[in-house]
Structure formats: structure tokens, C-alpha cells
Amino acid sequence: MTLFAYRAMNASGCKVSGRTEAINIADLELRLKHLGLDLINGSPARQAEFLARPISRRALINFCFHLEQLTRSGVAIIEGLTDLRDGMTNPHFRGVIASIIESIAGGKTLSQAMALHPRVFDGVFTSLVLAGEETGRLPEVLKSLVDSLKWQDELASQSKKLLLYPAFLGAVVLGVTFFMMIYLVPKLTGFLKGMGQEVPLQTRMLISTAEFFSDFWYLLLFGPILLVAGIKIAVRVNPAARYRIDGIKLALPVVGGILRKIMLSRFAGIFAMMYASGIPIIDAIRASENVIGNAVVKDGLVRAGRMIAEGRSLTAAFEHVDLFPPLVIRMLRVGENTGGLDTALLNVYYFYNRDVREAIERLQAMIEPAMTLAIGLLLGWVMVSALGPIYDVITRLRI
């Protein structure tokens, strides 16, 4: 089948556009007829372009929220999805929803239809929807997905703030350094050398640093960019390199601890949601492995899942792989022994969620004075090294 981009008109006379699969134009027109749309025009779309367009997390939040409200109100799933499709402003997402409607009309369930679009609905998403369908708790599952996506969106926003501010200050420091080393210091160097006196050690170091900047500015400017690009390529094509880099990330001072807490918080939230939805522990762990985003933590979850499959308890497996601190292990052990594992998992999620917020706030509070100190030390070194000899000359002239 071929992916078609189309423009059509609905029963209200409004024009809609989207993408869906069909054998040919005639088949496309017939498929749109089943959806209550009259085809205006259509043409084959490039699959790569279709797949490359991401769906924002906020669009998914709105989709899940409205679908949860519709299903809770007793609206048929196809009618609810049709309303969502007609009100969707994102043409790519509209095409995905149209494809889901078509698949459901063809006999598939909602989870099966969503599984055909893995770039939009990941394995955790479709597994939860499947559990909701099997247990008759689809509205509750959709509400849990909304809460989880909102938390992920908030966490991503905080992480961006955490990165953007030091990146801005770092760019300022880098700009000031280049200006002084390439323009200001060379201007002073000629004057200092022409004074005919011995130059102090710190001044010679400053002059050598400025000469290095002038001779190799392109390495200093483009070297980090090429290094980051090389690391990204190596991580993408070499699993061993990815594992090593992910291990280095977790070993970083301050930041590494926050990254580990973010990953484990994400896992605890998703795992608790899946377990509460009736998904078996093994399946929940396997589905959660791919949302962590770190090869080291994923390897620990794989080993824990393997131990649970061999007959060990959840607490014993997590304790053996050393992913969680002792406090969390004790919380899980109590929940497992009392039959309240879902409550214990939610407490772990809350524990990590609060800890992540506090850690990010502390780090944000530390960044500004640290960067200010760095700029102050740099300017102080330049001032002492450049103006110190000039001050000595002026003092001798007065004598």
C-alpha cells in the first residue's frame, strides 16, 4: 500500500487534509467515503517525510484528555476519534487519527490500530491501552496517561531551563574570552614588550594563551562541535560506545545523580501505571526498558527482569542489580509483603519526583554564582597580568 496525502471535505463542508494508506486513488476515495469525507485531491506522499514529523507531547496530552472524556461519556470510539480528527490542527496527527479510524472500522482494536504508528504511540502507550481495553478501564488508563505525559512535559521544561541558562552564560564567557584573547590582549602585548622590562610569569602565561587562541581559534571554536557530533554518531552506530557514554553521564558529579533520579522516576511512574492497569510484572518491566533512554539503566532492568522470570521476587531482583537506594528497596519490600505493591510503586514515584524537583532547583541555584565566579576569575587574571606591569612602570616613573 502507498501513503497518500489528501485534501477532503467533511459533512459540514469544512476542508480537511491528512495522510493515509491506500492502494490507489480510487481506493483512497473509497476509504475516505467510509470516514464521511469527500475526496478533493490526493497524491502519494513520501514515507520518510511522513515519519520524520514528530508529534509533540502536548498534542498527545490533548488527544488522550479528549479521548478520555469522550469514552467516559459513553461515546463510541470511532465517533470520538472522528471528532478529534476534525478538530485536529496538526495535519500529520490528523492523518494518524484518520488511519486509526480506518483500522478500527476494518476490525482492529484501538490498541492494535495505535501499534501501527510506533513513532507516535510507543510500546508502553499501546500496552496500557490494551490493558484498558481488556479490563474495561480505558478511561482510567487514558487519565493515567494524561497525568504521566503532563509530568514528563513538566520535567522536560525544567530540564530545558536547567540547560539553557548555563548554555547562555557559557556562550557569554566564551565570547568574552575570545574578545580578550584575540583582540584586547594582543593590543596590550606590543605595549608590554616595548617597555623594555622583564615581564612577570602570569603575564607571559597570558601572552602565550592569547597566541594560542590566535593561532588555533578554529580548533577552539569548531572542535567541541565536531567532538559532540562524533560522539552522537558513535552512540548511534555502536552499542558499546553508547553504553560507555551513558555510564560516563551517570558518573558525572552532581548532574549524574540528577540524571539517574530522572530515569528511575520515569521508570517508577510508568511501571506503577502499568502494574496498576493489570499488566504482569515481567511485561511491565520489558515495556518500560525502552523509555529509560540510558543503556546502563536499561541493562540493569533487563537483568532484573531475567531474575524475576527465574523466580526471584521483585525486591530481590532490584536489590541485586543495585539500581535503587536502600530506602526505595525497603518501600518495595513492604509493598510486596503486604500485597500493596501498586501503592508502594506510586510512593517510589512520588519520592523520586520530589527528589528530582529539589535537585534541579538546587542545581539552578548553584549555576549562577559558579558562572559569575568563573567570569570574575577570568577578568581578574587578565587585569592583573596585563595592568600589573603597566602599574609597575608608572610607579617607577613617579619615583
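Values in this text are rule-based calculations from the coordinates and carry no lab data. Remember, predicted model here, so these are calculated numbers, not experimental data. Cβ: placed from backbone, ideal geometry, glycine included. Neighbour counts: every protein chain shown.
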### Query
What is the dipole size for the chain, taken about its Cα centre, with +1 at each Lys and Arg Cβ and -1 at each Asp and Glu Cβ, in debye to the nearest 20?
820 debye
### Radius 15 Å from Cβ of residue 14, net charge of other residues (Lys, Arg +1; Asp, Glu -1)
+1
### Query
Is the shape of the range 99-191 best called rounded, prolate or oblate, per the rule: a/c under 1.5 gives rounded, else a/b larger than b/c gives prolate, else oblate, with a ≥ b ≥ c the square roots of the Cα gyration tensor eigenvalues?
prolate
### Query
Considering amide H positions built from the backbone, and no H for Pro or chain starts, which residues 5 or more places from residue 16, or on another chain, come under 5 Å of its amide H?
8, 9, 10
### Message
Taking the square root of 5 times each eigenvalue of the Cα gyration tensor, what semi-axes in Å does the equivalent ellipsoid of the chain have, largest first?
### Response
55, 31, 18
### Computed helical MRE - 222 nm, the chain, DSSP H runs ≥ 4 contributing -39500 (n - 2.57), nearest 500
-25000 deg cm²/dmol
### Task
For the range 261-354, build the charge dipole from Cβ charges (+1 Lys, Arg; -1 Asp, Glu) around the Cα centre, then report which of 262, 288, 332 sits farthest towards its positive end.
262
#### Entry: Gaussian network model of the chain, Cα within-10 Å springs - most flexible of 173, 129, 384
384
### 22 Å Cα-Cα reach of residue 108 towards lysines, excluding residues that sit fewer than 8 places from it in its own chain
33
### Contact order relative to length of the chain, as percent, for alpha carbon pairs under 8 angstrom and 6 or more apart
13 percent
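Per Stokes-Einstein, at 10 °C and 1.306 mPa s, what whole-number D in µm² s⁻¹ belongs to the range 177-299, with the Kirkwood radius over Cα pairs as the hydrodynamic radius? Could you put the intermediate results ahead of the total?
Values: Rh = 19.0 Å.
Taking Rh from Cα pairs, D becomes 84 µm²/s.
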### Task
Report the one residue of 378, 32, 116 whose Cα lies farthest in the direction of the positive end of the charge dipole of the chain (charges on C-beta: Lys and Arg +1, Asp and Glu -1; origin at the Cα centre).
378
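For the residues 14, 64, what sequence is obtained by ranking on other C-beta atoms within 10 Å, fewest first?
Lowest count first: 14, 64.
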### Message
Can you tell me how the range 261-354 classifies by the Cα gyration tensor, rounded, prolate or oblate, using a/c under 1.5 as the rounded cut?
### Response
rounded
### Message
Under 27 Å between alpha carbons, and skipping anything fewer than 8 positions from residue 150 in its own chain: which lysines qualify?
### Response
160, 161, 249, 261, 298
